[in-house]
Amino acid sequence: MVDGRVIRSTMHELMEVAKRAFNAHLQTGTGGNISARVAGSNAVVIKPSGVGFIGCNPDNLLVVDLEGKILKGSTKPSKDMPFHLGIYRVRPEVNGIVHVHSPWATAWAVLGEEIPTITVQAQSKFGKIPLVPGGPDGSKEASESVINAFRDPAIHVATLQNHGAVGVGKTLLGAQELVELIEETAQVAMLVRLAFRAT
């Protein structure tokens, strides 16, 4: 049985990080997803479908096991939940996942191009940002594609074709900081490309 105090602490952490993502304009509306592994267990706290990052609270967050069985909550699971749980299954060191539809990163994903890691910080933090091939939104094929990309323990970030960005971390805050850097890198790279085309 999962300790209720640990679940509450994980929910609080998720709400704080979700608020940070919203305030950073990385996600609007009810899109994207965010989850955190409950320490010392195979349980995960995850944002459900139809709830925005800013609207996460203990009454609507779901607690699920790694196979997707709902342990706590009555809201509808997100269609992104399978790839979150799949990453946790193949990457036991990952304790937090943030998936957002941030504008600059998503622009590169729609173009079908990897974001060039042209800044020193991006090169040192993640080297490259793989572009994961897409599939029908919420499909098994799309989830498997994301899970397979993150099987490599060297991969901590990716963009999903026509979809958005994903960061994983040993902590949920660490994952959030990575998606912030993905967005910054995407913006800088696009501005540099436009500047070169304008000259």
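Is at least one residue of region 174-182 touching a residue at least 12 places away in the same chain (Cβ under 8 Å) and among the small types (Gly, Ala, Ser)? Within region 174-182 (the criterion being touching a residue at least 12 places away in the same chain (Cβ under 8 Å) and among the small types (Gly, Ala, Ser)), the answer is yes, since at least one residue qualifies. From the list Val38, Val100, Val90, the one residue that fits, being of a type in the set (Val, Ile, Thr) and closer than 17 Å to Gly138 by Cα, is Val100.
Scanning region 184-199 turns up at least one residue that is within 22 Å of Arg20 (Cβ to Cβ) and crowded, with 19+ Cβ neighbours inside 10 Å. Within region 122-142, identify whether any single residue is modelled with pLDDT of 95 or more and assigned to a helix (DSSP H, G or I), and answer yes or no. Scanning region 122-142 turns up no residue that is modelled with pLDDT of 95 or more and assigned to a helix (DSSP H, G or I).
Test Ser41 against the stated conditions and say whether it is modelled with pLDDT under 95, touching a helix residue (DSSP H, G or I) at 6+ places or on another chain (Cβ under 9 Å) and part of a loop (DSSP other than H, G, I, E, B). For Ser41, the condition - modelled with pLDDT under 95, touching a helix residue (DSSP H, G or I) at 6+ places or on another chain (Cβ under 9 Å) and part of a loop (DSSP other than H, G, I, E, B) - is met.
Taken over region 82-92, the criterion of being over 20 Å from Ile54 (Cβ atoms) and either among the hydrophobic types (A, V, I, L, M, F, W, C) or out of contact with any Gly (no Cβ under 9 Å at 6 or more places or on another chain) (or both) is satisfied by Phe83, Leu85, Gly86, Ile87, Tyr88, Arg89, Val90, Arg91, Pro92. Could you list all residues from region 25-39 that are surrounded by 15 or more Cβ atoms within 10 Å (Cβ to Cβ), of a type outside the set (Ser, Thr, Tyr) and closer than 17 Å to Glu180 by Cα? Residues satisfying the conditions are Leu26, Gln27, Gly31, Gly32, Asn33, Ile34. Pairing each residue of region 133-146 that is within 16 Å of Gly86 (Cα to Cα) with any residue that is surrounded by fewer than 11 Cβ atoms within 10 Å (Cβ to Cβ) and not charged (D, E, K, R), provided the two are 6+ apart or on different chains, yields C-beta distances under 8 Å for Ala142/Pro136. Could you tell me whether any residue of region 95-108 is in a loop (DSSP other than H, G, I, E, B), touching a helix residue (DSSP H, G or I) at 6+ places or on another chain (Cβ under 7 Å), hydrophobic (A, V, I, L, M, F, W, C) and touching a residue at least 24 places away in the same chain (Cβ under 8 Å)? No, region 95-108 has no match at all.
Does Val64 fit the bill of being touching a helix residue (DSSP H, G or I) at 6+ places or on another chain (Cβ under 6 Å), modelled with pLDDT of 95 or more, outside any loop (DSSP other than H, G, I, E, B) and β-branched (Val, Ile, Thr)? In short, no.
The values are calculated or read from the model by the stated rules, or taken from the named source; none is laboratory data. Keep in mind it's a predicted model, so treat the numbers as computed, not measured. Neighbour counts are summed over all protein chains in view; Cβ atoms, including those assigned to glycine, are modelled from backbone coordinates with ideal geometry.
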